[in-house]
Amino acid sequence: MSPRKADEPVRLTRIYTRGGDAGETSRGDGSRASKLDPLVRAYGAVDELNSVLGWAQVEVRSPSLARIQNELFDVGADLSVPFTAGDGRLRTSQEAIDRLEEECDRENGALPELKSFVLPGGTEAAARLHVARAMCRRTERDVLAAHAEQPVNPLALVYLNRLSDLLFILARAANVGSEEPLWLPGGGR
């Protein structure tokens, strides 16, 4: 087998390794940890979020979401290695957060003012983006729980928070041209 090239993050010739059969997994630095470790659960949640975004992307077909999926791999890589500031590892960056904020401002600027809470649903694309938004919020809570036990890059938490905002805005945008489902207080009676 030829050596891995610099532009190849990994080279997998076999998917199963049997290394996780006893309930442990390898972290990004090669150390072993329980699959129940809060940090392992946190980067597992990032993977789930990325999968749901891929599902939303089937309907949305957005270059922005494609970029975000790649950035979520970066977030997962960040969380898979113990955090030490300035350690030279791949870390979630302020630039990625700034891009999300710019997208939030641009996309939200084109939407009508909100006068009620939005119910998840509407178009297929909006519904999928709302599922991704809710998954993003849960992922953020999982990373925060891990951070209570061991340091994580604080920018990873900020990134997930901004991403959930953007997903909410994109879900609203996906309902433009159809009736946006709004909460009617007491309307379920």
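Go through segment 131-158 and count every residue that is open to solvent by less than 50 Å² (accessible area, probe 1.4 Å) and part of a loop (DSSP other than H, G, I, E, B).
Adding up the residues that qualify gives 3.
Using the structure shown, decide if Gly28 is surrounded by 10 or more Cβ atoms within 10 Å (Cβ to Cβ), out of contact with any strand residue (DSSP E or B) (no Cβ under 9 Å at 6 or more places or on another chain) and modelled with pLDDT under 95.
So Gly28 fits the description; yes.
What are the residue pairs meeting all of these: first residue in segment 150-175, first residue more than 13 Å from Thr92 (Cα to Cα) and modelled with pLDDT of 95 or more, second residue among the β-branched types (Val, Ile, Thr) and not in a loop (DSSP other than H, G, I, E, B), Cβ atoms under 7 Å, and 6 or more apart or on different chains?
Arg172/Val118; Ala174/Val60
Arg128: in a loop (DSSP other than H, G, I, E, B) and either small (Gly, Ala, Ser) or surrounded by 14 or more Cβ atoms within 10 Å (Cβ to Cβ) (or both), yes or no?
no
Out of the residues in segment 159-175 that are assigned to a helix (DSSP H, G or I) and either in contact with a strand residue (DSSP E or B) (Cβ under 9 Å, 6 or more places away or on another chain) or open to solvent by 50 Å² or more (accessible area, probe 1.4 Å) (or both), state the one that is farthest from His130 (Cα to Cα).
Among them, the one singled out is Arg162.
Of all residues in segment 113-128 being at pLDDT 95 or above and out of contact with any Phe, Trp or Tyr (no Cβ under 8 Å at 6 or more places or on another chain), which is farthest from Ala174 (Cα to Cα)?
Here the residue is Pro120.
In segment 93-106, is there at least one residue being in contact with a Ser or Thr (Cβ under 7 Å, 6 or more places away or on another chain), within 15 Å of Gly44 (Cα to Cα) and in contact (Cβ under 8 Å) with a residue 12 or more places away in the chain?
No.
Restricting to segment 30-56, what's the tally of residues that are among the small types (Gly, Ala, Ser), out of contact with any helix residue (DSSP H, G or I) (no Cβ under 6 Å at 6 or more places or on another chain), part of a helix (DSSP H, G or I) and under 22 Å from Gln150 (Cβ atoms)?
Residues that pass the stated criteria total 1.
What residue, of Gly88, Gly19, is at positive phi and open to solvent by less than 90 Å² (accessible area, probe 1.4 Å)?
The conditions single out Gly88.
So which residues in segment 57-85 are exposed (fewer than 15 other Cβ atoms within 10 Å of the Cβ) and outside any helix (DSSP H, G or I), if there are any at all?
The answer is Arg61, Thr84, Ala85.
Just to be sure before I move on: is Gly186 farther than 23 Å from Leu65 by Cα and modelled with pLDDT under 95 in the structure I sent?
Against the criterion (farther than 23 Å from Leu65 by Cα and modelled with pLDDT under 95), Gly186 qualifies.
Just one of (1) open to solvent by 20 Å² or more (accessible area, probe 1.4 Å); (2) touching a Lys or Arg at 6+ places or on another chain (Cβ under 8 Å) trips up Cys104, so point out which.
Answer for Cys104: the failing condition is (1).
The values are calculated or read from the model by the stated rules, or taken from the named source; none is laboratory data. As the structure is a prediction and not an experimental result, all values here were calculated from the model. Glycine gets a Cβ as well: all are built from the backbone with ideal geometry, and neighbour counts include every protein chain shown. SASA here: full protein model, heavy atoms, side chains in, ligands and nucleic acids out. Shrake-Rupley method; radii C 1.70, N 1.55, O 1.52, S 1.80 Å.
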